[in-house]
Amino acid sequence: LVLILDYGSQYTHLITRRIRSLSIFSLCINGTSSLKAITDLNPSVIILSGGPHSVHAPNAPCFPDGFVEYVESRGIYCLGICYGLQLIVQRLGGEVRVGEKQEYGRMEIEVDKAVGLFGNKNTGDKQVVWMSHGDEAVKLPEGFEVVARSQQGGVAAVENKKRRFYGLQYHPEVTHTPEGMETLKHFLFNVCGVTAGWTMEDVLDEEIKVINDMVGPEEHVICALSGGVDSTVAATLVHKAIGDRLHCVFVDNGLLRYKERERVMETFERDLHLPVTCVDAAEQFLSELKGVVDPEKKRKIIGKEFISTFDAFAHDLEQKLGKKPSYLVQGTLYPDVIESCPPPGSGRTHSHTIKSHHNVGGLPKDMKLKLIEPLKLLFKDEVRALGKILNVPEGFLKRHPFPGPGLAVRVLGDVTEGNALDVLRQVDEIFIQSIKDAGIYDSIWQAFAVFLPIRSVGVQGDQRTHSHVVALRAVTSQDGMTADWYNFEHKFLDDVARKICNSVRGVNRVVQDITSKPPSTIEWE
Ligand code: XMP
């Protein structure tokens with residue numbers, strides 16, 4: 001295991017991802033975690049991340065007491081990046097000062113000694129790297145040597161081979177450091193002697209073993225399927241481990257897309273053989289939403305209805321089995337786990353603070369179910385890779401994200417008014433199908449239509465009309481936190497708008513949303 005101690009740099013998770021891309025298992029925990037939390041993970045390499053602090057700041061985050069002794073006594077390799085390097089220098093007896101010459105952005109560095117970190121280079125080799133630091137190491141602890149310098153003569157890389165401490169003043173993990181990956185690779189494989197071999201097949205085997213050890217032979221497990229990638233892969237994995245002692249529920253809340261229920265049920269049953277009960281709760285959800293226009297109120301109502309539907313399913317199951325289910329499967333991903341406790345000063349906040357997000361299957365309070373979260377150490381692309389091994393159809397794994405509250409956040413205002421949901425379903429289907437036909441579905445993070453609660457005047461077949469307006473939204477994004485609007489070709493937009501107005505009754509105007517996030521959010525409510 002390569003363990004990353006996070007001191008708040010915006011690039012920390014990138015280090016984890018880069019290392020995993022080398023088929024090496026890597027985890028990231030808060031840089032101020034206890035010594036026990038670190039020793040429990042039994043890492044062979046520890047990387048101290050960068051961070052926004054100065055090591056001289058009053059509450060500058062640091063590794064715990066006893067860390068250096070632990071690392072040395074176990075023969076663990078330790079690499080500090082940027083702030084991490086400064087921590088090593090300062091805590092091992094060197095000196096760090098506010099730099100006379102601050103170094104930000106692209107810089108050239110030169111290899112001073114072709115050993116250790118640069119053992120694959122020649123002395124005098126130059127490379128461009130990404131620096132971003134104010135403080136600098138001015139005196140190294142005993143036994144340390146400088147192995148690379150910046151153009152201005154500053155320390156760019158240090159090491160103490162005997163004590164296995166290494167440091168890079170720049171960020172090797174970002175693409176602005178073109179040779180950074182090569183340096184990381186050389187460090188991990190050649191200096192630390194790490195062997196690659198972490199594959200999704202291993203993850204699968206290990207998770208199945210964990211689940212089998214955890215769930216007793218008489219115990220039952222429930223899972224709410226949303227139709228999304230995460231809950232589907234999680235359920236498929238658990239099903240592989242315990243078979244039909246898994247009981248899934250899919251809720252049709254009346255807020256699903258065109259033929260969504262039929263489509264996902266077909267995948268669940270025909271392709272994945274999952275034991276799924278489809279509960280039709282549309283009437284219940286829609287009657288509770290009648291007349292409600294406030295977006296947050298809508299979300300709260302939907303969250304509450306999900307829980308009570310789920311609760312009823314669990315109680316029915318209890319009657320049938322003659323015993324309570326013991327576990328609940330959730331498709332929690334790694335970013336949800338790490339984002340929920342970012343280090344202080346990192347400027348990172350939990351991703352779900354702007355809108356109250358109700359993921360399907362919120363936990364009924366009195367059920368006291370234990371959680372199974374088989375994906376909680378994986379990033380989204382890793383979940384897709386796992387899904388592939390589990391034979392989840394490729395088309396399903398590539399689906400755009402869909403919000404838990406469904407079309408309720410895409411019909412602005414009262415979702416039960418007139419035939420808004422029906423109109424939206426038809427428009428959305430035409431839009432998505434056209435995107436698929438144009439071969440651009442996979443280049444878009446998310447695309448959908450929005451129903452606007454206004455009417456405008458039009459002329460259709462020589463008749464004056466006073467009909468609905470729909471908006472089209474498509475964005476590109478890495479993680480949904482920020483997004484850019486997608487620039488379609490004019491012809492595509494022209495064709496789609498024509499098709500929509502010609503085939504969806506009651507729509508005479510189509511507009512496109514050309515705002516990015518921020519300032520807008522991806523969804524309209
Ligand atoms: P926003 O609209 O906040 O959306 O920019 C970011 C991403 O989150 C999805 N989203 C939700 N997902 N429950 C969910 O499970 C929700 O309540 C919810 N609201 C937004 C949105 O579709 C986008 O991918």
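Listing THR236, THR199 from the residue with the fewest other Cβ atoms within 10 Å to the one with the most, what is the order?
Going from least to most buried by this count: THR199, THR236.
Just how far, in whole angstrom, is the stretch 45-105 from the stretch 467-522 if you go by their alpha carbon centroids?
48
Give a residue-ordered list of calculated ³J(HN,Hα) values for the stretch 442-447 (Karplus: 6.51 cos²θ - 1.76 cosθ + 1.60, θ = phi - 60°; whole Hz; x for Gly, Pro).
6, 8, 10, 6, 7, 9
FRET efficiency for ILE444 and SER287, Cβ-Cβ distance as r, R0 = 41 Å, nearest 0.05?
0.75
Step through the residues of the stretch 56-66 one at a time and calculate ³J(HN,Hα) from phi using the Karplus curve (6.51 cos²θ - 1.76 cosθ + 1.60, θ = phi - 60°), rounding each to whole Hz and writing x for Gly and Pro.
Working through the residues one at a time gives 8, 4, x, 10, 4, x, 8, 5, x, 4, x Hz.
In debye to the nearest 20, how big a dipole does the chain give about its Cα centre with +1 on each Lys and Arg Cβ and -1 on each Asp and Glu Cβ?
So the dipole magnitude of the chain works out to roughly 380 debye.
To the nearest 20 debye, what is the magnitude of the charge dipole of the stretch 232-300 about its Cα centre, counting +1 on the Cβ of each Lys and Arg and -1 on the Cβ of each Asp and Glu?
That gives a dipole near 220 debye.
Can you work out the PRE-style zone for MET214? Point 7 Å along Cα to Cβ, and I want the residues of the stretch 376-391 with backbone N under 12 Å.
Those under the cut-off are 376-377.
Work out how much length ALA196 to HIS56 would gain on full extension: take 0.36 nm times their residue separation and subtract the Cα-Cα distance, in nm to one decimal.
Between ALA196 and HIS56, full extension yields 46.6 nm more.
Taking the Cβ-Cβ separation of ARG270 and LEU321 as r and a Förster radius of 30 Å, what is the calculated FRET efficiency to the nearest 0.05?
Computed FRET efficiency for ARG270 and LEU321 comes out at 0.75.
Between ILE88, VAL210, THR199, whose Cα lies farthest towards the positive end of the dipole of the chain when Lys and Arg beta carbons carry +1 and Asp and Glu beta carbons carry -1, centred on the Cα centre?
Value computed over the given set: ILE88.
Rounded to whole Å, give me the distance from the Cα center of the stretch 272-330 to that of the stretch 376-416.
When both Cα centres are located, 18 Å separates them.
Which order do THR465, THR12, THR123, THR175 fall in if you start with the one that has the fewest other Cβ atoms within 10 Å?
The most exposed by this proxy come first: THR175, THR123, THR465, THR12.
Using r as the Cβ-Cβ distance of ASP494 and SER21, and R0 as 41 Å, what FRET efficiency do you calculate, to the nearest 0.05?
Calculated value: 0.50.
Structure shown: which of LYS36/LYS380; LYS491/LYS517; LYS139/LYS161; LYS209/LYS368; LYS323/LYS370; LYS297/LYS380 lie over 21 Å apart, alpha-carbon to alpha-carbon?
Long pairs (Cα-Cα over 21 Å): LYS36/LYS380; LYS491/LYS517; LYS209/LYS368; LYS297/LYS380.
None of the figures in this text is laboratory data; all of them are computed from the coordinates on show. Computed from a predicted model, the values in this text were never measured in an experiment. For neighbour counting, all protein chains shown are included, and Cβ atoms are generated from backbone atoms with ideal geometry for every residue, glycine included.
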